[in-house]
1. Compute the FRET efficiency between Gln52 and Thr26 as 1/(1 + (r/R0)^6), taking r as their Cβ-Cβ distance and R0 = 30 Å, and round to the nearest 0.05.
2. Mind checking which aspartates and glutamates have their C-alpha under 18 Å from Lys46, skipping anything on the same chain fewer than 8 residues away?
3. How high is the FRET efficiency between Arg35 and Glu10 when r is their beta carbon distance and R₀ equals 30 Å, given to the nearest 0.05?
Amino acid sequence: MLSRGLPDEEITDNVMFLMVAAHDTTAALITFLLRHLDANKDAYAKVLEEQQEIARSKKPGEALSWDDLGRMRYTWAAAMETLRMVPPTAPTARPVR
């Protein structure tokens, strides 16, 4: 955007759009992931066990690391399945020409 010489106001508008879009996508994913986990008790139990295992490996107050995120394989799979079942953006059709 800077290299194209866009005005500061337009750059700000684009950045704000991306921030809102990322927030909305994340909020939608978390909402529907929780909904799907509530409906599937086996999946919920697997995600819970995975998260508890990671929590047990941490010292009190210790933050998550990238390695911890890599250990969340089932949680990641559940999130990806949620995105597959409920895409955060509505599909649009191309106009017929």
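1. Working: r = 23 Å, r/R0 = 0.77.
Once rounded, the FRET efficiency stands at 0.85.
2. Counting by Cα, and skipping residues close in sequence, Lys46 has these aspartates and glutamates nearby: Asp38, Asp68, Glu81.
3. Values: r = 37 Å, r/R0 = 1.24.
After rounding, the FRET efficiency stands at 0.20.
We did not get these values from a lab; they are worked out from the coordinates using the rules stated. Being a predicted model, the structure only gives us computed values, none of them experimental. Heads up, the Cβs are rebuilt from the backbone with ideal geometry, glycines too, and the neighbour counts pull from every protein chain shown.
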